[in-house]
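Beneath this line is the structure, given in structure tokens, with notes to follow.
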Amino acid sequence: MPSYSYVALNKEGKRVKDTIEATSMETAKSSLRGVGYIILEINELSAFTKDIELPFLGNPKAKDLAIFCRQFVSIIRAGVSVSAVLSMLGQQTENKKLASAIRVMQADVEKGMTLAGAMRRHPKIFNSMLVNMIAAGEESGNLESSFDQMEVYFEKNHKIHGAVVQAMIYPIILIVVMIIVLIVMMTRIIPQFMKTFEEMNAELPGVTKAVMAVSYWFVDWWWAVVLALVGFALWCVLFGRTDSGKHFFGWIARKVPVVKLLTVRSACATFCRTLSLLLSSGIQLTDSLDLTAANMRNIYFKEGVVAARSLVSRGWSLRTALEDGMLFPPMVCNMVGIGEESGDLQDMLAKAADYYDDEVNDAVSRLLALLEPITIIIMAFFVLILVLSIFLPMLTMTKAYDQYLQ
């Protein structure tokens, strides 16, 4: 969708400079006038004039959506109309893309479109689950409850995702620092020692000769190492977006002992909480499973939920369908079975989600407790090699000097 930069005066007479997405220039102008803006200047952005925004930085996160839901409920409970709520949120929302979408939504709502319909026009901002929950809330006349539930859902998702990031960021930082230190050592410090050893014509140990060879290679080709690391990281990102890449990294996440526990437990927490929330809003089980599958991060669990949905549509119980996929642990299947038998599936799923939220935190603690010493041991190994390569020749020369004096 084209983007347009504009300068306008808002209802308070303040100058506003921002961008807006719209299907055409006239649609953009109509949306801005719909929120009470007086347009001073508007231009379509080309590929060269657009702001460079990385998708993972520009799009709203779960935390942004949780704040949006919380603020929406707080304002609408004061008796303010939906259009007025959107007008307020469009001005105070910090995320640029979310604020722009809210302003367009306000214009659509004022034209008679439902809130869910207006949100559905922005699939990159509002996922299908949120849109369907809001649609269900509008149909039942309980919009506040839908926003309340989605706020809790996004907060929980934010905490789970934050826990996973927390588990990985520390060892990643250590590895990056280790690589930088090794490059500096190999290109700046080690060559100085090696030059001294060569001038003394000393017999060098094998470990020193090996480090010297690597050091000389690094001096000439350090830039190739940096490019290789950057290229590998870029390849991982691009490959991870393909179907093969999603299956490859998804398989690693499920099989590597260090991260397997965290992957399974976070998937269980997401599955149980999402399905519980959708069922409690009155959405049918098969439709709820479709929306739940779209929210699963690991491709294997996503496909597992899709397969379970197919079996449920054929008359299978959800418990049997999940057991057939052999992805979810027995506890999830048992809780689902109890919920189906008692007719209170959403409550049992909610209890299971709470349990797995705690298990995710426990898995993060275990993962950090394991990754930290492993990373430190690896760093210590490389440091030991470098230290030995420097001090062994010194020790040899010291012994030779002592023998000469004797």
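The values are calculated or read from the model by the stated rules, or taken from the named source; none is laboratory data. Everything numeric here is computed off the predicted structure, so don't read it as measured data. Positions of Cβ are generated from backbone atoms using ideal geometry, with glycine treated the same way; all protein chains shown enter the neighbour counts. Side chains included, ligands, DNA and RNA excluded: accessible areas come from the protein's heavy atoms. Shrake-Rupley method; radii C 1.70, N 1.55, O 1.52, S 1.80 Å.
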(message) For segment 238-262, which positions are open to solvent by less than 20 Å² (accessible area, probe 1.4 Å) and of a type in the set (S, T, Y)?
(response) none
(message) Given the criterion open to solvent by less than 30 Å² (accessible area, probe 1.4 Å) and within 19 Å of V152 (Cβ to Cβ), identify the matching residue among L318, L291, L311, L322.
(response) L291
(message) Anything in segment 206-228 that is open to solvent by 40 Å² or more (accessible area, probe 1.4 Å) and either within 24 Å of V387 (Cβ to Cβ) or acidic (D, E) (or both)? List them, or say none.
(response) G206, V207, K209, A210, A213, V214, Y216, W217, V219, D220, W221, W222
(request) Could you identify the single residue in T286, T292, T242, T274 that is of a type outside the set (G, A, S) and farther than 29 Å from S145 by Cα? (result) T242
(request) For segment 89-137, enumerate the residues that are surrounded by fewer than 16 Cβ atoms within 10 Å (Cβ to Cβ) and in a helix (DSSP H, G or I). (result) Q92, K96, S128
(message) Here is a list: A118, A163, A66. Which entry is over 28 Å from V259 (Cβ atoms) and out of contact with any Cys (no Cβ under 6 Å at 6 or more places or on another chain)?
(response) A118
(request) Filter segment 20-43 down to residues that are surrounded by fewer than 16 Cβ atoms within 10 Å (Cβ to Cβ) and within 20 Å of R121 (Cα to Cα), then give me how many there are. (result) 6
(request) Mind counting the residues in segment 344-378 that are of a type in the set (S, T, N, Q), within 16 Å of V256 (Cβ to Cβ) and open to solvent by 30 Å² or more (accessible area, probe 1.4 Å)? (result) 0
